[in-house]
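First up is the structure itself, then whatever we jot down about it.
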Amino acid sequence: MNAREAIFAAINKARTESGASAAIAAEAQACSEAMKRTLPALDLSDLAALFTARAGAEKVGATLERVAALGELPAAVARYVAANNLAPDFAVQPDPRLRQLDWGALRPGAPLRPDSALAVGIALCGVAETGSLVFHSGSEAPTLYEFLPLHHLVALDAQSLLPRLEDYAVFARDLAVPRNVNLVTGASGTTDIEGVLARGAHGPGRLHIVIFN
Amino acid sequence: MSAPAGTFHDRVEKALHDPQLKIALERTTGNARRKRAAAVEAWPEFSAARAAAAAIKDHALAHMAYYLEMFERNALASGAQVHWARDPDEARRIVVEICKAAGAKTVTRSKSMLGEEIGLPHALAEAGLRRVETDLAEHIIQLAGETPSHIIWPAAHRTREDVAKLFDQYHREKPPAHDVVSMVGSARKELRADFFAAEVGISGANFLVAETGAICTITNEGNAELTTTPPRVHIVTAGIEKIVASTEHALQLTRLLVRSATGADLTQYTTFHSGPKRAADRDGPEQFHIVLVDHERTKMLSELPEMLRCLRCGACLNHCVVYRAIGGHAYGGAYPGPMGSVLTPAFDGLQQTRDLPSACTLNGQCKQVCPVDIPLPTMLRHWRSRSWRAGYEPKIAGAAISIWAFVAARPALYQLAQTFALPAMRLFAKAGWISSLPLASGWTAHRDFPKPPRQTFLTMIRKGNRS
Ligand code: SF4
């Protein structure tokens, strides 16, 4: 018997239960529903407001602003660059929605490097409950854009907001499974020294989110 | 790397004599307890949620073969290579062979308790590979030449002053200051180049998602993605009990796991990794290996089934009066605290580790905080009685221990005993029985277990922990 066979034989000896896959799926669904009934109530009338409150909470620590349309992103980036004394060169996630913007005097062509000061990206969607940005990796969303820069500035479509984690799971079921799904909740940090939270571990030290309509 | 040495008794003795240890443990676990309490307060139905989380894990474990097969099928379809290992030896060999085939010189690792359990750090060193731990706490203990002492905060036994000394000594560029933020920045600088030099990155997994064939990691620092994205090869090592049905179940469990561990709603990075780099991708590894490890888990399906629910959140450690007094190294295994005292006898054999299930006041705190409602005290008692039946306990102590165990196992009686049994315990002490109690002599000098003047055992431990 090889290792795989031995492990399955041992499992089947301990767990004789079997069942039709439809019955198992129904049981799984019932488990999810039971969990949902325990969740604290959320005010879902304004998802952007809920997202802003959660992502901006001290324990998540993102900064946020709202603009009327994606076309206003370059102006928001210019303000951020000025406020943080950053160079006007930065890396932009290769998403056509960002690449086609009019960046004016800014220089968005910088390559992404291990020590990039700033990268500008765009999220696939957001989860309001937790203030999380969701990225699915692919040619338009390389994973490292979320992890290399010191400052990560992310555009988030208000229309893409989902109320809860469960809603993201349902939404993702209809999409191809990417190499990486990243739920990003605040700037990188660590509590590894005495349980005290310090920002800017190996990922970005600052996360700024620009919500557009 | 020095694994904890000596007998359990020796290690407890040593820990109780270490004032720095006490400070470090109280700072870390105290912060964790406060933050968890705040998170739980914001979730009024938390105890119902714990039952629902237990049901989600039990569902996956009840259909373990079904879901593992589904996971394997979907992982293979994503281009992953799936390996199965019955025991740590097999698992280590698989990992080392993959590293060798990749021509690896440097291997980055993001924290994984399974990796510790199977002795991976040692195996990599033996194979002549340069191992770079990228999680901050793992980096600290790698510099110190130690093993983890907590499953969430491996450096929980180190104060910030200790860390400052280590970084001053070993970092190419000394930290500019010794506050926590400056030291975190120093580690960022120190490790940056290694993320890109490594040929292989190794991670663990918090969940194996059957529905998609993806593995899920839950981290704060960003080191996991930097460990698994740039190198040519990503190896995942995971216990087979990490299986869950779906992304939805994984996220629902994550909600409880993170609140119980750090008090946050989610950690900064919840990542699902599925297969190697795709044709159109601009980054990601060329090879993606998943090593699925049994190591006694299929046995636990019959013997300690609830233990397989464990999410490795660390809450039972943070709330354990014994852990808080002696720290993780005293336990001698990869997993300390209440959950470790249940797991280590299963992994290493009860005869050698039978002291662990006794290192417990049976106050029930661990079960109360466990996000998947694992009856840890019941399981510790299970080991105790197994040890009796197997004849592992020294005869002379028999009578005293059985009275103690009988009383301690019953919370109501234990309360009574706090009022009435003290004189009797003094008698035992005089007769020399108490010092033969497992642990007792370790506690006697420092916690006055057998001869408490006016106070009870628990109040003294509690007081000891505040002092
Ligand atoms: S036993 Fe429960 S509390 Fe302890 S680490 Fe496991 S899940 Fe957390």
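Using the Cβ atoms and a cut-off under 11 Å, what net charge is assigned to the surroundings of residue B:272, where Lys and Arg are +1 and Asp and Glu are -1? Please list the in-between numbers first.
Values: positive: A:179; negative: B:211.
So the surrounding residues net to 0.
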Exposure of residue A:31 as accessible area (Å², to 10), given a probe of 1.4 Å and all protein chains: 20 Å²
Spin-label pair residue A:23/residue B:125, simplified geometry with 7 Å Cα→Cβ offset, distance in nm: 5.2 nm
Local net charge near residue A:165, Cβ-Cβ under 9 Å (Lys/Arg +1, Asp/Glu -1): -2
GluC sites (Glu not before Pro) within segment A:1-76, DSSP loop, no more than 13 other Cβ atoms inside 10 Å: A:17, A:58
Long-range amide H partners of residue A:122 with built H, under 5 Å: A:155
Segment B:1-77-segment B:239-267 distance, computed between alpha-carbon centres (Å): 11 Å
Inter-label distance for residue A:105 and residue B:100, nm, one decimal - labels placed 7 Å from Cα along Cα-to-Cβ: 6.1 nm
Residues whose placed amide H lies under 5 Å from that of residue B:289, excluding near-sequence neighbours: B:81, B:234, B:235, B:236
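So, by mean Cβ neighbours within 10 angstrom, what's the order for A:91-104, B:239-252, B:52-65 with the highest one leading? Each step should come with its number before you reach the end.
Working: A:91-104: 15.7, B:239-252: 25.8, B:52-65: 22.1.
Descending packing order for the listed peptides: B:239-252, B:52-65, A:91-104.
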Size of electric dipole in segment B:200-257: Cβ of Lys, Arg +1 and of Asp, Glu -1, about Cα centre, debye, nearest 20: 100 debye
For segment B:139-182 versus segment B:106-121, the gap between their alpha-carbon centres in whole angstrom: 18 Å
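Other chains near A:81-87: what is the mean number of their Cβ atoms within 10 Å of each residue's Cβ?
Numbers: counts 0, 0, 0, 0, 0, 0, 0.
Across the residues of A:81-87, the mean count of other-chain Cβ atoms within 10 Å is 0.
List the pairs from A:59/B:165; B:174/B:242; A:13/B:57 whose alpha-carbon separation is above 31 Å, in the order I gave them.
Values: A:59/B:165 29 Å; B:174/B:242 40 Å; A:13/B:57 19 Å.
Check vs 31 Å cut-off fails for B:174/B:242.
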Shape call, segment A:47-212: gyration tensor on alpha carbons, a/c limit 1.5: rounded
FRET efficiency for residue B:168 and residue A:82, using Cβ-Cβ distance with R0 set to 41 Å, rounded to 0.05: 0.65
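Using a 10 Å cut-off on Cβ to Cβ distances, tally the other chain neighbours for every residue of A:139-147 and report the average as a whole number. List each step's numbers first, then the result.
Working: counts 5, 2, 2, 5, 12, 8, 2, 5, 11.
Mean shielding by partner chains, rounded to a whole number: 6.
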Chain A - percent relative contact order, Cα under 8 Å, separation 6 or more: 23 percent
Label-point separation in nm, residue A:57 to residue B:93, each point 7 Å along Cα→Cβ: 4.9 nm
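Decide, for segment B:182-297, between rounded, prolate and oblate: order the square roots of the alpha carbon gyration tensor eigenvalues as a ≥ b ≥ c, take rounded if a/c falls under 1.5, and otherwise choose prolate if a/b is larger than b/c, else oblate. List each step's numbers first, then the result.
Working: a/c = 1.75, a/b = 1.16, b/c = 1.50.
Here segment B:182-297 falls in the oblate category.
What net charge do the residues around residue A:148 carry, taking every other residue with its C-beta under 11 Å from that of residue A:148, with Lys and Arg at +1 and Asp and Glu at -1? Intermediate results must be reported in sequence, preceding the final value.
Details: positive: A:113, B:192; negative: A:115, A:146, B:225, B:283.
After counting each charged neighbour, the total is -2.
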Most fluctuating residue given options A:38, A:185, A:143, as computed from a GNM of chain A linking Cα atoms under 10 Å: A:38
3J(HN,Hα) from dihedral phi, segment A:199-209, Karplus parametrisation 6.51/-1.76/1.60, rounded to Hz, x for glycine, proline: 7, x, 7, 8, x, x, x, 9, 10, 10, 10
Per the protein assembly as shown, cysteines lacking a partner by the 4.7 Å Cβ criterion: A:31, A:125, B:99, B:216, B:310, B:313, B:320, B:360, B:370
Residues in segment A:52-85 that a label on residue B:42 would reach, taking backbone N under 11 Å of a point 7 Å out along Cα→Cβ: A:53-61
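The values are calculated or read from the model by the stated rules, or taken from the named source; none is laboratory data. Just so it is clear, the structure is predicted and the values come from calculations on it, not from any experiment. Positions of Cβ are backbone-derived with ideal geometry, glycine not excepted, and every protein chain shown enters the neighbour counts. Just so you know, the surface numbers come from the protein's heavy atoms only, side chains and all, with ligands and any DNA or RNA stripped out. Shrake-Rupley method; radii C 1.70, N 1.55, O 1.52, S 1.80 Å.
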